[in-house]
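Read the structure below first, then the notes.
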Amino acid sequence: MKERIHSKFAELFGDGGVFYAAAGRINLIGEHTDYNGGYVFPGAIDKGIMAEIKPNGTDKVRLYSLDYDAKASFGLEEADKPAEAWACYIFGVCRETIKRGGKVAGFDAVFAGDVPLGAGLSSSAALESCFAFAVNDMNGNGLSRFDLARIGQSTEHNYCGVMCGIMDQFASCFGKEGQLIRLNCKTLEYQYFPFNPKGYKLVLLDTCVKHELASSAYNFRRQSCERAAAAIKKNHPEVDFLSDCKRVWLDEVRSEISEEDFIRAEYVIGEVQRVLDVCDALERGDYETVGEMMYQTHFGLSRLYEVSCPELDFLARLARKMDVTGSRVMGGGFGGCTINLVKDEYYDAFIATAKDRFRSQFGHDLKVYDVVISDGARKLQ
Ligand code: GLA
C-alpha cells in the first residue's frame, strides 16, 4: 500500500512527503454505551488508513483518494466544505483543529486504506485520526491524543451527520499492539489490558451488508437514550447519563416514556454492567463467561436495541450451535460484522460451515478477518 501511495504522490505532487497511519478498531464488548457515559472495550487493528502528506505553501488542501480514484480540493474556511463525502472527513478534521486553536497550513495528500467500508470497523475514524494526527504533527500544534480523538468525533457530529460517541476515534488514537483498552466514556479514564487468550481466536465474519439510513437510525437510538435518561433524572438528579442509572430507576419511569425508549434504555443499562463483568472474567482468565456475555450483548442488540439484521442473527445463531464461545454483532450494527471468540480446535470447522451456510442462505459470500490488535495513529518511518 505504501508503494502505491508513494508512486501516485510522486506523480501528482513530487517528492518529500511524510507518511502517517491510523487504524480501524474492534470492540470486545460495550456497544452503544459510549454516548451513554458507559464503558467500552476496544482495540486498534492491523487494518487502517495510510497517507503521504506534504505542506504545499498555499491555504488549500489537495487530496487524492486511491480507493475512490478521485481528487478533491478545498480551502480552510467554513464555507469551503467540499462536495465529496469522503473529503468532508478531512475538511472536518482541519476545521475542528482550527476551532481548537490549532494552525492548519495547506497541504497535499494521497491516501488509501484497507479497512473494509461499512463493516463496522470504523474506517471513518481511521481516516479522521490519521489526518488529525498528521495535521497536528506537521503544524507543531501540540494537541493531545484526547484532543485528536475529539477532533475526529466532532468531525462526525458537525460535518458528517453522525452523533457518535468517542469509542472509535479513541481506539484509533490510543491503540497499542496486543492490548485492548477499557475506557470509561464519562471520565475518559482508561486502562490497557493485554489480550492474548491462550487457546482461543478472535475472528470477524463480515456479512458484507450495510443498511441504508444506518446513520439516522443510529442518531434515533441516541435520542431514545437521552429521553430515558432525562425522565430518570427527574427522580434522581445525580443522573447525567444512562450509565448512571440503576435498572429499578428505569422501571420507575416506564409509564412516562415510550415502550421503544424503555427497551433501548434497558439494553444500555444491561450492557454497561456486562463490560464490567467481562473485565472481571478476563482477570480470572474465564473466557467462557466473556463469551456468554457476548451472546447476551447480541441478544440485546438484536431484540431490544434493534440494530441487528437477519444476516448477523444467522451468524450468531450458527456460532451458538457450533459451540463457539462467544459471538455478537460488533460496532454500530445495521450490517457489518460479528465478532467471535472461538476455541482453536473449533475454528476451522466453524469458519468452513459459516461460509457454506451463509452463502446458501443469502446468496453471497461472507468475508473472514482474523483480528490482530495493533498500534493506533502514528507517523511512519
Ligand atoms: C459506532 C459509533 C461509536 C459507538 C458504536 C456502537 O461505531 O461510532 O461511537 O457508539 O457505533 O458501540
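Please list, in order along region 89-104, the HN-Hα scalar couplings obtained from phi with the Karplus expression 6.51 cos²θ - 1.76 cosθ + 1.60 (θ = phi - 60°), rounded to whole Hz, x for Gly and Pro.
For region 89-104, the Karplus curve yields 4, 7, 4, x, 4, 5, 5, 5, 5, 4, 4, 8, x, x, 8, 10 Hz.
Calculate one ³J(HN,Hα) per residue across region 54-64 by plugging θ = phi - 60° into the Karplus curve 6.51 cos²θ - 1.76 cosθ + 1.60, and present them in order as whole Hz with x for glycine and proline.
Here the 3J(HN,Hα) series is 8, x, 10, x, 10, 10, 10, 10, 10, 10, 9 Hz.
Could you work out how far apart the two model spin labels at Asp251 and Ala217 are, taking each label as a point 7 Å from the Cα in the direction of the beta carbon, and quote it in nm?
3.1
I need the phi-derived Karplus couplings for region 67-78: 6.51 cos²θ - 1.76 cosθ + 1.60, θ = phi - 60°, integer Hz, Gly and Pro marked x.
Couplings: 5, 8, 6, 8, 9, 8, 8, 7, x, 9, 8, 3 Hz.
Between Ala70 and Ala10, what length in nm is gained on full extension when 0.36 nm per residue of separation is reduced by their alpha carbon distance?
Length difference between fully extended and current span is 20.0 nm.
Setting aside same-chain residues fewer than 8 positions from Lys321, which lysines have a Cα under 28 Å from its Cα?
Leaving aside lysines fewer than 8 places away in the same chain, those within reach of Lys321 are Lys198, Lys201, Lys210, Lys343, Lys355, Lys367.
What length, rounded to one decimal in nm, is gained on full extension from Asp323 through to Asp80, with 0.36 nm per residue of separation minus their alpha-carbon distance?
Numbers: separation 243, 0.36 × 243 = 87.48 nm, distance 5.37 nm.
My answer for the length gained is 82.1 nm.
In degrees between 0 and 90, to the nearest 10, how far off the longest principal axis of the chain does helix 2-13 point, with axes built from Cα atoms?
Value to nearest ten degrees: 40.
Once R0 is set to 22 Å, what does the formula 1/(1 + (r/R0)^6) return for the Cβ-Cβ distance between Asp348 and Asp46, expressed as a FRET efficiency to the nearest 0.05?
Efficiency computed from Cβ-Cβ geometry: 0.55.
Using only the alpha-carbon atoms, how far is helix 310-321 inclined from the longest principal axis of the chain? Give it as 0 to 90 degrees, nearest 10.
60
Expressed as an acute angle from 0 to 90° and rounded to the nearest 10, what is the orientation of the C-alpha long axis of helix 214-235 relative to the principal long axis of the chain?
In the chain, helix 214-235 runs at an angle near 60 degrees to the longest axis.
Which lysines have a Cα less than 28 Å from the Cα of Lys103, not counting those fewer than 8 places away in the same chain?
Lys2, Lys8, Lys54, Lys60, Lys71, Lys81, Lys176, Lys379
Explain nothing, just the number: relative contact order of the chain, from Cα pairs under 8 Å at least 6 residues apart, as a whole percent.
23
Which three extents, in whole angstrom, do the alpha-carbon atoms of the chain cover along their principal axes, largest first?
Principal-axis extents of the chain (Cα, largest first): 59, 52, 38 Å.
Sequence-distant or interchain residues sharing an amide H contact under 5 Å with Asp46, placed H: which?
Excluding prolines and chain starts, which carry no amide H, the hits are Val372, Ser374.
Enumerate by residue number the trypsin sites (Lys or Arg not before Pro) in region 281-381 meeting two conditions: DSSP loop (anything except H, G, I, E, B), and at most 11 other Cβ atoms within 10 Å of the site's Cβ.
Values: sites: Arg284, Arg303, Arg317, Arg320, Lys321, Arg328, Lys343, Lys355, Arg357, Arg359, Lys367, Arg378, Lys379; in loops: Arg284.
Here the trypsin sites (Lys or Arg not before Pro) that fit, given the DSSP loop and packing criteria, are Arg284.
Each reported figure results from applying straightforward, stated rules to the coordinates on display, with no laboratory input. Note that the structure is predicted; figures quoted are calculated from it, not measured. Cβ: placed from backbone, ideal geometry, glycine included. Neighbour counts: every protein chain shown.
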